[in-house]
Amino acid sequence: MERTFAIIKPDAVERNISGKIISKIEEAGFKIVGMKKIQLSKSQAEGFYYVHKERPFFNDLCSFMSRSPVIVMVLEKEGAIAAWRTLMGATNPANAEPGTIRKEFAKNIEENSSHGSDAPETAAFEISYFFNAFELV
Ligand code: RTP
Ligand code: MG
């Protein structure tokens, strides 16, 4: 069974809609095998998003991700990585399909309510960045 890494981003936690997002995750058949609420420091956000460090939006993104708490999760399902990205929808909510998390909840291309790993290697890195083996059940 495949695992992926998910974040409910600050814009969604701030608006008290984490529960709505978690409901969509469970309704889609994912098992939540790890979950916690944390506050990232700016440097922890920079370490998490290091692949984007040359991108023009990197500094804004890391400030956003560290401005208030997030909920980090490990999700399990067959084909979890692709399935979670499909459920999230396109990065820019203007391009996201109806029924997706970003279409329903995202504020804009940056404050887009959720994160998902994009490949098995990034999922492994991202899960290990936030969870140890005893926290996954
Ligand atoms: P994520 O990594 O958060 O799941 O999102 P993604 O794969 O759909 O998008 P990615 O290209 O990896 O970008 C990471 C996050 O950076 C912010 N972003 N801002 N201002 C902009 O043009 C811009 N582009 C991306 C978003 O928060 C995006 O999810
Ligand atoms: Mg990405």
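The values are calculated or read from the model by the stated rules, or taken from the named source; none is laboratory data. Fair warning: this is a prediction, and the values are worked out from it, not measured in the lab. Every residue, glycine among them, receives a Cβ derived from its backbone with ideal geometry; neighbour counts consider all protein chains shown. Heads up: the accessible areas ignore ligands, DNA and RNA and are worked out on the full protein's heavy atoms, side chains in. Shrake-Rupley method; radii C 1.70, N 1.55, O 1.52, S 1.80 Å.
A few notes on this one:
- Summing Cβ point charges (Lys, Arg +1; Asp, Glu -1) relative to the Cα centre of the chain gives a dipole of roughly 320 debye.
- As computed over the chain, the Cα convex hull volume per residue (Å³): 101 Å³
- Solvent accessible area, Å² - TYR129, 1.4 Å probe, full protein context: 80 Å²
- Take every pair of alpha-carbon atoms less than 8 Å apart whose residues are at least six positions apart; their mean separation over the length of the chain yields a relative contact order of 37 percent.
- Potential extension, ARG15-LYS37 segment - 0.36 nm per residue separation minus Cα distance: 6.4 nm
- Counted residue by residue at 0.36 nm each, then reduced by the alpha carbon distance between them, the extension gain from GLU2 to GLU27 reaches 7.3 nm.
- Structure-based [θ]222 nm, the chain - -39500 (n - 2.57) summed over DSSP H runs of at least 4, per residue, nearest 500: -10500 deg cm²/dmol
- Remark: the range 51-59, residue by residue, has Karplus-estimated 3J(HN,Hα) of 4, 9, 5, 8, 7, x, 8, 4, 5 Hz, where x stands for each Gly or Pro and the curve is 6.51 cos²θ - 1.76 cosθ + 1.60 at θ = phi - 60°.
- For the range 80-137, the fraction of alpha-carbon pairs lying more than 13 Å apart is 61 percent, rounded to a whole number.
- The chain, accessible surface, carbon-and-sulfur percent (1.4 angstrom probe): 52 percent
- Compared with the alpha-carbon gap, the fully stretched path from ASN108 to THR91 is longer by 5.2 nm at 0.36 nm per residue.
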